[in-house]
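K.L.:
Right, I'll just put the structure down here and ask away after.
Rule-based calculations on the coordinates, nothing more; no lab input. Keep in mind it's a predicted model, so treat the numbers as computed, not measured. Note: ideal-geometry Cβ built from the backbone for every residue, glycine included; neighbour counts use all protein chains shown.
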Amino acid sequence: MDRTNTAVRYFPKSGNTKKLADVIAETADCAAVQIPAPIDNKADILFLGASVYCGGISAEGKEDIQTLDKSKIGKVVVFSTSALAERAFPQLQKRLEGRGIPVESRNFYCRGTFAALHRGRPNQDDLNAAKKFTAEIIERK
């Protein structure tokens, strides 16, 4: 069986998305790297993580999407956290597809800790669900 080349990149803010990035990278047998960091080798799957703040992804995250080399990415799989609503996926999907980068229709989302909201999230159940999601995406490739 061919090995799937994977990469994990994420936009950090509070640490919630980094927790997911680390477990996704472990499951995918690669490293979780904070953006901005170029994709040096072709990635069949790029797991791209973002957090939502004030209803949107960060300005830095939006800028970094513009630096992605579409010739080095087979498809992007989005994962995200937020305290209130799942908004990263449609924003990232629109920006990525606008640049000609294919986006997986499924994404992984869980609550993240913000101030007094959702303390301890992502929790172990969230991390286990992220592992399962990652394994399914890679297997399905």
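K.L.:
Over the range 27-77, what is the mean sequence separation of C-alpha contacts under 8 Å (at least six apart), divided by residue count, expressed as relative contact order in percent?
P.N.:
This gives 53 percent for the range 27-77.
K.L.:
Moving on to the next point. Tabulate in residue order the Karplus-calculated ³J(HN,Hα) for the range 34-42, using 6.51 cos²θ - 1.76 cosθ + 1.60 with θ = phi - 60°, rounded to whole Hz; enter x for Gly and Pro.
P.N.:
6, 6, x, 8, x, 8, 6, 10, 4
K.L.:
Further question on the same structure: Report the net charge of residues surrounding residue 101, where surrounding means a beta-carbon distance below 12 angstrom and charges are Lys +1, Arg +1, Asp -1, Glu -1.
P.N.:
That sum, taken over residues with Cβ under 12 Å, equals +3.
K.L.:
Greater than 20 Å separation of Cα atoms is the criterion. Which listed pairs, 94/131; 18/132; 70/131; 72/131; 19/94, meet it?
P.N.:
Those over the limit are 94/131; 70/131; 72/131; 19/94.
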